[in-house]
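**Q** Here it is, the structure in full.
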Amino acid sequence: MYEKFEKRAEEILCTLTLKEKIGQLNQVPQPVAGNLEETKERIRRGEIGSFILCNSPTAGNEEQQAVMVDLLNELQKVAVEESRTGIPLLYGRDVIHGHHTVYPIGLAAACSFDPELVKKCYHCIAKEAASESVHWTFSPMIDVCHEPRWGRIIEGQGEDPYLASRMAEAMVKGFQGEDLTADDSMLACAKHYVGYGASEGGRDYFRTEISDYTLFNSILPPFRAAVKAGVATVMSSFNDINGQPVTSSKKYLTDILRGELGFEGFVVSDWTAVHQLMKQGVARNSADCARLALTAGLDMEMTDNHYIANLENLVLSGEISEEVVDLAVKRVLKIKIAKGLFEKPYKEPYKVDRTEHIKLSEKIAAESMVLVKNEDNLLPLSKDMKVALYGPFTYERRALQGSWALDGYLGASTPNFLEAMNEVMAGQKGHIHHSYEGVLHDDCTYIFSQNDVIVLALGESHAATGEARCSADIVLAPNQVEMARKAKQSGKKVVGVIFCGRPLALENIEPYLDAILIAWHGGTRCAHAAAKTIFGEYNPCGKTSVTFVRKTGQIPLYYNITKSGRNVDGYYGEGYAQNYIDSLGSPMYPFGYGLSYTSFEYSAPEVDKATISLDGLLAGENVRVAAKIKNTGERTGKETVQLYIRDHVASCMRPIRELKGFEKIELAAGEEKEVVFNVGAESLGFYNFENKYVVEKGHIDLFIGENCLTNNLVTIEIV
Ligand code: BGC
């Protein structure tokens, strides 16, 4: 994909001194006032290839300088017109799930099960950021994760490799568009490659233990999909795998990433990850760091200065060959060429019309919200009701944007829940009674009793999630649980709207809430999406992209676990001997789960053939499996129809269920539709212990249903 730029890259490379080559591999933070002149001097000398437009390593939860287009043009001018090489600079920034308009965090967006919608939103993000000179975003984060204690679970797409792959592809295509040189396109970066989501105990920057079997089947698929979608760059991850830091691993960065996945772009390190090779105890000094990372296949170094300080000496002393440097430089140049930077290095800033972006932000927020409980059809509420609105998220704005929203417009641009509720109720009979501080008062029981229903705006702060924000206990704060208890005590029905980043363990609060809407950190229009959902303007249709445990001690709990010896259902169900003696073993809410204000009925799946030959499958034949889905309720609704498989007997132990397809459909009341999946070799095989993709003979169940616990199945045989 990027190989076509090889010749031009080679021509440029030939004109560079060794020092200038190494400069292309050097990424530095954006200059601050005090070092501007010195930075320009460095650019003139060809020492800088790229800037990361941020000032601190855990930028997701810290205030950052806004993008300064004038300054970026000024620096670019120095690179293009005043340096000997004339090679333009590449500007990268963490534009993760939004720029000025913010969309739901990755974990939430995945709950929409709507890759087309996600792609549209990510294209809007690119439009906004690219208009300000951001060439390159450090997104999407596609780490499959079973660890809700890990603060960064919010950034990925949850626990399922298939869902994450579909989303990864959508995000990459959304950011990059059809034409990388276009004004509204931004280079994407698939991160964190690889295994970072498996950090032991959910502690950030920690070790991981990952077999190749798990890597190939569960962790690599979204990266494979991103590469296939043309992702221009990949960020290597902080973690080690089985005692080998990824930053210095040829196995992961070259053999697998390039050899197996076919990646043709360049690899950038994570912030100070090259430096951390010393802390991880595999490098003695700065020169070791540079040598190990570069020879492993890490092309550009983010902020550490080990490459710039050492690579020249390492080449001159013969410790590494200049060819290794050349290879990395060519990869960087190819992406700069592909982006069209040589033709169009500057940006005339222009104002992007955000009207459509904001609309989409509400749409995707609404489609991401998951209704997990709705006793006696309490929701939707009637607009005639008197509503007592309490809870710490009544007034909150910033947290609604989630972690990693560096440039999201706040103030009136991100309405809070109270404003949204009032807007939805404007001109209606009912009204909203709210507590000013969003906390419990002595008289709250009285107030609760004076209203028809209580809505509690609960949640966790954006600063309690994201990078370096891990939690040993993933529950709501005790004062929120107490508020829910008091509300329930009043005898009125209680609705909990939970604005969260991770799948919280809700066992201790769930009994006090008659209805629960997981609203997530849903971005700019999160509050409106939630308020309109509560009053029925939107019919909820999000499905969980990750398992919700009952209590923290159940972690890890994920649906696609391999079978186990004494219970074929692994420990996801309530089986013999697998439970804890002090807790149910099953999840609070399983993967793929979510309620609607209407109901759906599934017919038994039917196949066009009960047997298929292995040769036929490998030659591209499919099994057609279909089911009819009927809206049996009284309103129009959307349903994500899910296809799972279960392999009865294989040469390696296989999961109890694996998602292999989904389709989101809309049905009017009483309407019925047939949903068809064509199941081929790409769905029915797996990577075996030799890391080879194999499809084996035998029986396979095909399930079509509403979540991962469905038992609506038909069995086929591969012969
Ligand atoms: C994070 C990355 C991020 C980088 C640059 C690191 O600490 O792990 O996800 O892109 O910082 O801000």
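**Q** DSSP H helices in the chain with Cα extent of 18 Å or more along the helix axis and mean Kyte-Doolittle hydropathy at least -0.5?
**A** Counting only whole DSSP H runs, the qualifying helices are 115-130, 161-176, 322-338.
**Q** Between E621 and R284, what is the FRET efficiency for a Förster distance of 56 Å, r being their Cβ-Cβ separation, to the nearest 0.05? Write out the running numbers ahead of the final one.
**A** Numbers: r = 56 Å, r/R0 = 1.01.
That pair, E621 with R284, gives E of 0.50.
**Q** Once amide H atoms are placed 1.01 Å from N in the peptide plane, what residues at a sequence separation of 5 or more from L381, or on another chain, have their amide H within under 5 Å of its amide H?
**A** Excluding prolines and chain starts, which carry no amide H, the hits are F535, G536.
**Q** Taking square-rooted eigenvalues a ≥ b ≥ c of the alpha carbon gyration tensor, is the range 23-70 rounded, prolate or oblate, where a/c under 1.5 means rounded and, failing that, a/b exceeding b/c means prolate?
**A** prolate
**Q** When ligands, DNA and RNA are left out and all protein chains stay put, how many square angstrom of accessible area per residue does the chain have with a 1.4 Å probe?
**A** 35 Å²
**Q** While we're looking at this one, here's another question. Which lysines, if any, have their Cα less than 17 Å from the Cα of K429, not counting same-chain residues under 8 positions apart?
**A** K383, K386, K532
**Q** Still on this structure: Any lysines with Cα under 26 Å of the K77 Cα? List them, leaving off those in the same chain fewer than 8 positions away.
**A** K7, K19, K21, K40, K127, K330, K334, K336, K339, K344, K347, K351
**Q** Additional query: Simple spin-label model, 7 Å along Cα-to-Cβ: T445 to F342 in nm?
**A** 7.7 nm
**Q** So between T254 and D179, what do we pick up on full extension, going 0.36 nm a residue minus the alpha carbon distance?
**A** Numbers: separation 75, 0.36 × 75 = 27.00 nm, distance 2.69 nm.
Value of the extension gain: 24.3 nm.
**Q** Convert 25 °C to kelvin, take the viscosity as 0.890 mPa s, use the Kirkwood radius over C-alpha pairs of the range 204-275 as Rh, and evaluate the Stokes-Einstein diffusion coefficient in µm²/s, rounded to a whole number.
**A** 195 µm²/s
**Q** What aspartates and glutamates does K492 reach when the alpha-carbon gap must be under 19 Å and sequence neighbours fewer than 8 apart in one chain are set aside?
**A** Filter leaves E375, D376, D384, D442, D443, D452, E482, E510, D514.
**Q** What FRET efficiency would be calculated for the residue pair K692, S382, taking the C-beta separation as r and a Förster radius of 56 Å, to the nearest 0.05?
**A** E between K692 and S382, to the nearest 0.05, is 0.45.
**Q** While we're looking at this one, here's another question. Size of the range 424-490 along its principal axes in angstrom, Cα-based, largest extent first?
**A** 46, 28, 17
**Q** If you roll a 1.4 Å probe over the range 1-104 with all protein chains in place, what percent of the accessible area is carbon or sulfur?
**A** 53 percent
**Q** Hey, another quick one. Return the tail of the calculated pair distribution for the range 284-371, meaning the percent of Cα-Cα pairs more than 22 Å apart.
**A** The calculated P(r) of the range 284-371 puts 55 percent of pairs beyond 22 Å.
**Q** Can you bin the range 281-321 into rounded, prolate or oblate? Criterion: square roots of the alpha carbon gyration tensor eigenvalues sorted a ≥ b ≥ c, rounded for a/c under 1.5, prolate for a/b above b/c, oblate for the rest.
**A** Here the range 281-321 falls in the rounded category.
**Q** If you don't mind, another one. Cα centroid distance between the range 179-218 and the range 666-685, in Å?
**A** Taking the Cα centre of the range 666-685 as reference, the centre of the range 179-218 is 30 Å away.
**Q** Consider just the alpha-carbon atoms of the range 483-565 and return their Rg together with their Dmax, both in angstrom.
**A** According to the Cα coordinates of the range 483-565, Rg and Dmax are 15.2, 48 Å.
**Q** Moving on to the next point. Across the range 598-718, how many lysine pairs, 8 or more positions apart or on different chains, have C-alpha atoms separated by under 26 Å? Please give the number.
**A** Lysine pairs meeting both conditions in the range 598-718 amount to 21.
**Q** Turning to a different aspect of this structure: To the nearest whole percent, what portion of all C-alpha pairs in the chain is separated by more than 43 angstrom?
**A** 27 percent
**Q** Mind checking the dipole of the chain: about its Cα centre, +1 per Lys or Arg Cβ, -1 per Asp or Glu Cβ, Debye to the nearest 20?
**A** Dipole size: approximately 180 debye.
**Q** Using a 1.4 angstrom probe on heavy atoms only, work out the carbon and sulfur share of the accessible area of the range 361-554 in %.
**A** 48 percent
**Q** Let me ask something else about it. P(r) of the range 361-554 in 5 Å steps, Cα pairs, percent per bin?
**A** P(r) over the range 361-554, rounded to whole percents: 1, 8, 18, 22, 22, 16, 9, 3, 1, 0.
**Q** Right, here's the next one. Mean separation of Cα pairs under 8 Å and 6+ residues apart, divided by the residue count of the chain: what relative contact order is that in percent? The partial results should precede the final answer.
**A** Details: 1762 pairs, mean separation 97.9, N = 719.
Relative CO of the chain lands at 14 percent.
**Q** If you take the beta carbon distance between V649 and E482 as r and set R0 to 51 Å, what does 1/(1 + (r/R0)^6) give as a FRET efficiency, to the nearest 0.05?
**A** 0.50
**Q** Compute the separation of the alpha-carbon centres of the range 80-150 and the range 638-660 and state it in Å as a whole number.
**A** Each part's Cα centre sits 31 Å from the other's.
**Q** How would you order 603-611, 198-206 from highest to lowest mean count of nearby Cβ atoms within 10 Å? Please list the in-between numbers first.
**A** Values: 603-611: 13.8, 198-206: 18.2.
Going by the mean number of other Cβ atoms within 10 Å, highest first, we get 198-206, 603-611.
**Q** Which percent, nearest 5, of DSSP beta bridges in the chain are antiparallel?
**A** So the antiparallel bridges amount to about 55 percent of the total.
**Q** How large a share of the accessible area of the range 598-718, in percent, is made up of carbon and sulfur atoms when the probe is 1.4 Å and the other protein chains stay in place?
**A** Answer for the range 598-718 is 46 percent, counting heavy atoms of protein chains only.
**Q** Determine the principal axes of the Cα atoms in the range 598-718, then give the extent along each, sorted from largest to smallest and rounded to whole angstroms.
**A** In descending order, the Cα extents are 51, 24, 18 Å.
The values are calculated or read from the model by the stated rules, or taken from the named source; none is laboratory data. All values derive from a computational prediction rather than experimental measurement. Neighbour counts are summed over all protein chains in view; Cβ atoms, including those assigned to glycine, are modelled from backbone coordinates with ideal geometry. Accessible surface areas use protein heavy atoms only, side chains included; no ligands, DNA or RNA. Shrake-Rupley method; radii C 1.70, N 1.55, O 1.52, S 1.80 Å.
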